[in-house]
Amino acid sequence: MWGFLKSPEINLDTSGQVPMVDICELDLVYPNGHQALHNINLQIDKGEFVFLVGSTGSGKSSILKLLYRELHPSSGSVLVGGLDLGELARQEVPYLRRSVGVIFQDFRLLGNKTAAENVAYALEITGTPKRKIPSIVAQVLELVGLSDKSKRLPSELSGGEQQRVAIARSLVNKPSLLLADEPTGNLDPDSTWDIMQILSRVQNSGTTVVVATHNQQVVDLMRKRVLVMKRGHLVHDLARGAYRLDGRGSGLHVEQPRAPFSAVEVS
Amino acid sequence: MTSAYFLREVLTNIRRSPLMSIASVTTVLVLTLILGYFTTVMVNLEALANSLLDEVQVVAYLDDDANQVSVAQQLERIPGVQKAHFVSKETALNKLVERMQGRIKVDDLTRNPLPDSYEVSVSSADDLEMVAKRAERIAGVARVKYGEEIAQRMLRFNALVRGVGVVVLGLLFLSTVLIVSNTIRLTVFARRKEIEIMQMVGAAEWFIRWPFILEGVLQGLLGSVLAAVVVGGSYAMVIPKLTETISFLPMVEAQNMLPTLLPILILNGAFVGALGSLVSVNKFLKV
């Protein structure tokens, strides 16, 4: 309760000398005994764009939750920017989350605040001086292409626009790592591509991006590194461009090497 | 900027769920009323018991023609007697008049009906009976009065009052915290999505908690201040009337009771509100 007396500073190592994400021999067992993740070993470098794919219950979301410390590993270690999350004290978690942005399928916006207010909220609660907030908000909304709709309430925005507000909010504290859990799960194809383009731009600005999705088309077309999860195991770690699903999405083709992609190349 | 933020959050909360706020305030109000009245009764019972205990002594009433000096010497020779204090009939009458608060006047009496007496203080309540018996045999002593039974009963009664008081006050406190935490939990629950978002974007825990705690304190204060006004007002009104009707009961006067009781009630309300909020909001803050 007296946490305001001290504010632990969390500094992630963003020099690129250590991986942005370093998961080692990770097991995750839920209290009910269900083992959600088995011996995961995974490294993601600074500035990478990675897809986590797999069916529902394969453990994609669990990995993301471990990365923003919603879950603790049962054994093994999770390091983000060189910081061992297992050793993070409870009161330090908020400070980690200022460096790790998260977006969700359901956007999680505050319905009674406008787009700009939703974004400003993330700044207010992290103690940003009030006079600095409007300009930062305007910048981030510009980045996601919503400058003209900053005064709209979420209910007055389309799904894609709402997700863009959520992205703006997650970026406003300049995270080193952006996690997206099914960000396009509720969106039509056009909006999906909008979001993917924005996420690509985020990557280009130096932020590491991890997207969990089962939208195979997106993964197929984006041609990024792909991690395939199956029943809690990391079954494939495919380098950029080495992944393509068949038309029905029921199986996996691994083609290596592969001709330059001709269709919608986003980044 | 942050304190303004907290205040704004609190007001928004209250505006958004006025019914819940009313529920919390009413809960604190009712329970503080019970707490307040209960405490006044307890304090008065204890004061009564104490005043009765103080009066436990052997009183030897003298014949009109008794030799005061001789009686005093003999009384003080009885083992266990600490002191024999002479009370003249005039003093006794003055005391009575004082206690009756002007409803009898010395002038109304043609003669003083009270006898001279010795108030014999005894070192232990156990000696009372023996001292009384021996005092009765002294020449010049007309009658002896002592209140052993009352003393014992009072001692037991006092212990009981304290024991029951502590238990009841403890239960009252606990139930207030629980009820307030339950009503505040509903406002917290209504905002759980907001709390989740705050946690997700990295709000420190105290930052999330403070508006709710302030809200609890505010509701607690409001309820307990209202209750304090009612308890204080009614006590100040009722006690003089009670003292008037049953003058032999030593009541604790308003100016001796309220300056201590009311601040305690109000602080308790604020504390209970804060604690109730804390209990609720912590349930939603699990990381």
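3J(HN,Hα) along the range A:106-121, derived from phi through the Karplus expression 6.51 cos²θ - 1.76 cosθ + 1.60 where θ = phi - 60°, amounts to 9, 6, 6, 9, 7, x, 9, 10, 6, 3, 5, 5, 4, 6, 4, 3 Hz, with x in place of Gly and Pro. Summarising the amide proton neighbourhood of A:PHE51: residues at separation of 5 or more, or on other chains, whose placed amide H is nearer than 5 Å comprise A:VAL211, A:ARG225, A:VAL226, A:LEU227.
How would you order A:164-171, A:25-32 from highest to lowest mean count of nearby Cβ atoms within 10 Å? Show your work: numbers first, answer last.
Values: A:164-171: 26.6, A:25-32: 13.5.
Result, highest mean Cβ count within 10 Å first: A:164-171, A:25-32.
Using θ = phi - 60° in the Karplus curve 6.51 cos²θ - 1.76 cosθ + 1.60, the 3J(HN,Hα) couplings for the range A:169-174 round to 5, 6, 8, 5, 9, 6 Hz; x is entered for Gly and Pro.
Remark on B:ARG143: its backbone amide H falls under 5 Å from those of B:TYR61, a criterion applied only to residues 5 or more positions apart or on other chains, H modelled at 1.01 Å from N.
Averaged over the residues of peptide A:124-131, the number of Cβ atoms from other protein chains lying within 10 Å of each residue's Cβ is 4.
Using DSSP to define loop residues, name the chymotrypsin sites (Phe, Trp or Tyr not before Pro) in the range A:1-81 whose beta-carbon has at most 13 other beta-carbon atoms within 10 Å.
Working: sites: A:TRP2, A:PHE4, A:PHE49, A:PHE51, A:TYR68; in loops: A:TRP2, A:TYR68.
Passing both the DSSP loop test and the Cβ count: A:TRP2.
If you count, for every residue in A:108-117, the Cβ atoms of partner chains within 10 Å of its Cβ, what is the mean? The partial results should precede the final answer.
Numbers: counts 6, 2, 5, 2, 3, 1, 0, 0, 0, 0.
Neighbouring Cβ atoms belonging to other protein chains average 2 per residue here.
The phi-based Karplus calculation (6.51 cos²θ - 1.76 cosθ + 1.60; θ = phi - 60°) puts the 3J(HN,Hα) values of the range B:64-69 at 4, 9, 5, 8, 4, 5 Hz, whole numbers, x for Gly and Pro. Each part gets one Cα centre, and for the range B:8-87 versus the range A:102-127 those centres are 59 Å apart. The Rg/Rh ratio of the protein assembly as shown, with both radii computed over alpha carbons and Rh defined as the Kirkwood radius, is 1.31. Adding -39500 (n - 2.57) for every DSSP H run of four residues or longer, then dividing by how many residues chain B holds, sets the calculated 222 nm ellipticity at -25000 deg cm²/dmol.
The aspartates and glutamates whose alpha-carbon is closer than 16 Å to the alpha-carbon of A:LYS151, local same-chain residues fewer than 8 away aside, are A:GLU117, A:GLU142, A:GLU161.
Please work out whether the range B:191-287 counts as rounded, prolate or oblate from its C-alpha gyration tensor, where a ≥ b ≥ c are the square roots of the eigenvalues and a/c under 1.5 means rounded, while otherwise a/b larger than b/c means prolate and anything else oblate? The shape class here is prolate.
Using the average count of surrounding beta-carbon atoms within 10 Å as a protection proxy, the listed peptides A:115-125, B:9-19, B:238-248 rank, highest first, as A:115-125, B:9-19, B:238-248. Partners of B:LYS193 within straight-line reach, counting aspartates and glutamates whose Cα lies under 14 Å from its Cα and excluding those fewer than 8 residues away in the same chain: A:ASP106. Compute the FRET efficiency between B:ALA236 and A:GLN217 as 1/(1 + (r/R0)^6), taking r as their Cβ-Cβ distance and R0 = 60 Å, and round to the nearest 0.05. About 0.15, to the nearest 0.05. Across peptide A:89-99, the average count of Cβ atoms from other chains found within 10 Å of a residue's Cβ is 4. Just need log10 I(q)/I(0) for the range B:6-148 at q = 0.14, 0.15, 0.16 Å⁻¹, Debye formula, equal scatterers on the alpha-carbon atoms, no solvent, rounded to two decimals. Per q value, in the given order, log10 I(q)/I(0) is -0.79, -0.87, -0.94. Label positions at B:THR243 and A:ARG240, each projected 7 Å from the Cα along the C-beta direction, are separated by 9.1 nm.
Amide H contacts of A:ILE103 (H built 1.01 Å from N, in plane; Pro and chain starts excluded): A:LEU179, A:ALA180, A:ASP181 sit under 5 Å, all sequence-distant by 5 or more or on other chains. Averaging Cα coordinates gives a centre for the range B:145-205 and one for the range A:184-204; these two points are 53 Å apart.
Using alpha carbons only, what's the Rg to Rh ratio of chain B with Rh from Kirkwood? Walk me through the numbers on the way to the answer.
Values: Rg = 29.3 Å, Rh = 23.5 Å.
Reported Rg/Rh (Cα atoms, Kirkwood Rh): 1.25.
Peptides B:164-177, B:206-219, ordered by how many other C-beta atoms sit within 10 Å of their residues on average, highest first, read B:206-219, B:164-177.
Quick note: the coordinates plus some simple rules give every number you see, no bench work behind them. Computed from a predicted structure; not experimentally measured. So basically every Cβ, Gly included, is an ideal-geometry build from the backbone, and we count neighbours across all protein chains shown.
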